[in-house]
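Structure first, commentary second.
Computed from the coordinates by the stated procedures, all read-outs in this text should not be read as laboratory data. Fair warning: this is a prediction, and the values are worked out from it, not measured in the lab. Quick reminder, even Gly has a Cβ in these numbers, built from the backbone with ideal geometry, and neighbours come from all protein chains shown.
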Amino acid sequence: MDDRLIEPLALLRGKAAEQAVTTGQARWLAGGPHAYALARLIGGDEPAGRIVSACAIPSGWAACAGRVDRPTPAAGLPPGPQVMGIINVTPDSFSDGGQHYHVRAALESIQAMHAAGCRIVDIGGESTRPGAPPITAGEEWRRIGPVIRAVRACTALAGMVLSIDTRQASVMDRALDAGADLINDVSALTHDPAARAVVARHGCPVVLMHMRGTPATMAAHAVYDDVAVDVLRELSARVDEAVSAGIARERILIDPGIGFAKTTEGNLELLARLPLLANLGCRVLLGVSRKRTLGEICHEPDALRRDPATVAATLPGLVFPDAVLRVHNVTAMMQAVRVSQGLDRP
C-alpha cells in the first residue's frame, strides 16, 4: 500500500451528513451513513499531519481517498452492522472461562444469542488473555469440535455463521470441514506457517487481528510512535501477506486488536481514531468486550460487570456501516445498535 493515509475528521451523521455530501462539503466514509468534512494527510510529501477540507484533498491522494470513501466488501458475511457473540469453550478465559465448557451450555447460549438477533458467533477453545499459556491443537479441537457439530445439527440455528477463534492451521482445517464459515486469528495468520494455505484453499473469510508477540509476551511490545498509524501499517502488511498467499482481499476482515500489545492509553487512542482503518478497504471487526482496559478506566475489577463500558467502547465501531462487533452480552449490544441506527436516519 502507498505510504499515504487519510485520517477522516469532523464526522457527520444522519441528515447533516446527507446535506454536507450533497452540497460538496463532505465525503462519505466507507459509503456512509457517516461522512467526513476534514481530512488529516499522513505520509507522502505533505507537511506532517496537515488538515484539509475533505473536498480539497490533493489530486495525488485520489487513490487513497477512493479507498476511504467506497463501501467495503461484505467478506462473505451478512451485510450491515453485525453483533458477533462470544463463546469461549475454555476453563480459563478472563471473563467467561468455564461457562461454556460443556456442549449443552455452549449450545444453549448460542440459541439465546440467536433469539436476540445475533447471526454470527465466535467459538474459541484457547484463552488469549494476557499471559495465557498455549494449548495443543488436539486439546483445542477436543473442546470446540463437538460445539460446531451440535450447532450444525440444530435446525433452529440454520444460517448461523460460525467463526472459529484459533491460531492453529490444523484446527482451522478441521473446523471448516465440520461446517465453520469464518476464521478469526489473533495472530493474523502468522503463528502457524500452514495457516495461510489452509484459509486460501477453503476460500473462507478470515479476520486478521493486530498483535505483537504472543498472548504470553505481548505486554512487552506495547511501544509505538503513533499507535493508530503503526497499527494500520502493520495490519496492511498482514493483509498483503495474506493476499500474496492466495487469500482474496475481499474475504479479509481487519481487527485493530484492542487490548493486545497496547496500553490503556493506546487502546483509547485507537478507539478514538478508528476511521483511519478505512484506508485498508476491508471490513472491520471490533472486539472490546469486558477487557482489562475498561476495568482500569471504570475502576471495575470484575469483568462480568463491564457490559455498560463494553457498549460505550464498542459503539464507535458503527462509524463503519458493516462493522462486526464482538461482544459477550449480545442482547445489550443489539439494543445499542438498533438505537444508533435510528439516529443515522436522514
Test item: Cα-centred dipole of region 5-69, Lys/Arg +1 and Asp/Glu -1 on Cβ, debye | 180 debye
Once you have the Kirkwood Rh of the chain from its Cα pairs, apply Stokes-Einstein at 25 °C and 0.890 mPa s and quote D in µm²/s.
-> 120 µm²/s
For the charge dipole of region 82-343, defined by +1 on Lys and Arg C-beta atoms and -1 on Asp and Glu C-beta atoms about the Cα centroid, which residue among 323, 257, 160 has the Cα displaced farthest towards the positive pole?
-> 160
Working out 0.36 nm times the residue gap between residue 19 and residue 219, then minus their Cα-Cα distance, what length gain in nm do you get to one decimal?
-> 67.5 nm
Kindly put 126, 108, 18, 241 in sequence by how many other C-beta atoms sit within 10 Å of each C-beta, fewest to most.
-> 108, 241, 18, 126
In deg cm²/dmol and to the nearest 500, what is the mean residue ellipticity at 222 nm of the chain if only DSSP H runs of at least 4 residues count, each as -39500 (n - 2.57), divided by the residue total?
-> -10500 deg cm²/dmol
Roughly what % antiparallel, to the nearest 5, for the DSSP beta bridges in the chain?
-> 30 percent
Compare the Cα positions of 335, 58, 313 along the charge dipole of the chain (+1 at Cβ of Lys, Arg; -1 at Cβ of Asp, Glu; about the Cα centre) and return the one farthest towards the positive end.
-> 335
